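Since the structure comes first, as structure tokens, the remarks are kept for the end.
Read the figures in this text as sums done on the coordinates, not as results from a lab. Everything numeric in this text was worked out from a predicted model, so none of it was measured. Positions of Cβ are generated from backbone atoms using ideal geometry, with glycine treated the same way; all protein chains shown enter the neighbour counts.
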Amino acid sequence: MSNSSMQHTSNSYLQVIAHYFALPGQGDKVCELLAGLAEATRTEPKNLSYEYFRSPTDADHFVILERYSDASGLEAHRQTDHFQKIGFGQIIPLLLRREVSSHMVHVGT
């Protein structure tokens, strides 16, 4: 069972929304790398979900939606070998720019 299908019992979580804009013509490579990064990230203890979407109108634009049980989960994610190797080492050099925001979501308040 993946973390994304587990029930999260807390009434809050950290939502991360990232927009990746690949260098022109690099969308296919970024998509391939995101598949590996997503698979590895979903095994992290505090990751609740990791989904990415490619724009149907701009093949070099991706939206990534991540959820972590708390802010320390995102910090731990950024320190993992797979994020350092794939995220920083391979994806980020292929980007024209990226926009990342995160927000605590409180369910039922």
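Which of the residues that make up the stretch 68-95 are touching a residue at least 24 places away in the same chain (Cβ under 8 Å) and under 16 Å from Leu34 (Cα atoms)?
His77, Thr80, His82, Phe83, Ile86, Gly87, Gln90, Ile91, Leu94, Leu95
When you check Thr80 against the structure, is it of a type in the set (S, T, N, Q) and surrounded by fewer than 16 Cβ atoms within 10 Å (Cβ to Cβ), yes or no?
No, not satisfied.
Yes/no per residue for (1) in contact with a His (Cβ under 6 Å, 6 or more places away or on another chain); (2) of a type in the set (Gly, Ala, Ser); (3) surrounded by 12 or more Cβ atoms within 10 Å (Cβ to Cβ):
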| site | (1), (2), (3) |
| --- | --- |
| Leu37 | no, no, yes |
| Ser55 | yes, yes, yes |
| Asp58 | no, no, no |
| Ala71 | no, yes, yes |
| Leu95 | no, no, yes |
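Considering every residue within the stretch 38-59, establish whether at least one is more than 11 Å from the chain's Cα centre (by Cα) and among the basic types (Lys, Arg).
yes
How many of the residues in the stretch 26-81 are assigned to a loop (DSSP other than H, G, I, E, B), under 24 Å from His103 (Cβ atoms) and touching a strand residue (DSSP E or B) at 6+ places or on another chain (Cβ under 7 Å)?
5
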